[in-house]
Amino acid sequence: PPPYSLLLLLTDVPQAILPTLLSRCQKITLSGADADQPAWRPDVLEMLRAGPPKGPLAVLAQAARLENLLAGLEKELAQRELERAKEWEASTGAEADRQVLEARVRARRLQERSAMLQLMLHWYRDVLLLSCGAGEDQLLVRGEAEAQRRQAAGLTPADALKLVHAVEEVHRRLEANLGEESAVTAAFLDRAGAPRRR
């Protein structure tokens, strides 16, 4: 840009911005920290604080819980989109396209799922760093150092790294269109070395 110019890139979905663009940006959050927190965050943090699932039943329970969180979120998103569509129809007199509404809900659900996985990845990355002796100033998930330190104390760095890889594997399987519950279950069972039924 020419001298004395300032370019602003505004988004409510920062995870959708290409890394090449993000690397050239300075992030400025315009709303309060609480407003930025998604409704599902406390539930996911509660699961993460409980520690990684131990055994096949715990893995299945965690996968089902994540699936239920996403299903509830999808209902909430669908309701919001329907209300917006009704307002738009009332103001314009035209009928909203239902396929567009459904596509918006699906896209938003995928964004929220991606944010959930990112939180899980950051959590286990922090546990890995703590298991290797890193300081709290290196942590990405703020305010959770005590729970993360407890988990790190019970894990070798290799075990903590397996958890990071498990979340990465969930993401990979989801990109291959494996169902959400199946992707979580398969990835964590594989990393735990537990036997799975085919």
Selection count where residues are over 30 Å from residue 149 (Cβ atoms) and either touching a Leu at 6+ places or on another chain (Cβ under 7 Å) or open to solvent by less than 80 Å² (accessible area, probe 1.4 Å) (or both), scope region 106-131: 4
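Go through region 151-182 and report how many residues are outside any helix (DSSP H, G or I), β-branched (Val, Ile, Thr) and under 16 Å from the mean Cα position of the chain (by Cα).
Here the count works out to 0.
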Report yes if some residue within region 80-95 is among the small types (Gly, Ala, Ser), surrounded by 13 or more Cβ atoms within 10 Å (Cβ to Cβ) and touching a residue at least 12 places away in the same chain (Cβ under 8 Å); otherwise report no. yes
All-but-one check, residue 168 against (1) free of Cβ contacts under 8 Å to residues at least 12 places away in the same chain; (2) closer than 29 Å to residue 59 by Cβ; (3) open to solvent by 40 Å² or more (accessible area, probe 1.4 Å), failing number (1)
Exactly one of 39, 103 is without any contact (Cβ under 8 Å) to a residue 40 or more places away in the chain, small (Gly, Ala, Ser), farther than 24 Å from residue 140 by Cβ and surrounded by 11 or more Cβ atoms within 10 Å (Cβ to Cβ), and that residue is 103
Given (1) open to solvent by less than 40 Å² (accessible area, probe 1.4 Å); (2) out of contact with any helix residue (DSSP H, G or I) (no Cβ under 6 Å at 6 or more places or on another chain); (3) part of a helix (DSSP H, G or I), residue 134 misses just (3)
Scan region 63-94 for residues that are among the polar types (S, T, N, Q) and modelled with pLDDT of 85 or more and jot them down. 68, 79
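The values are calculated or read from the model by the stated rules, or taken from the named source; none is laboratory data. Predicted model, so just to flag it, every value in this text is computed and none were measured. Cβ sites come from the backbone with ideal geometry, for glycine too, and all protein chains shown count toward neighbours. For the accessible areas, the whole protein counts, side chains as well, though only heavy atoms, and no ligand, DNA or RNA atoms are used. Shrake-Rupley method; radii C 1.70, N 1.55, O 1.52, S 1.80 Å.
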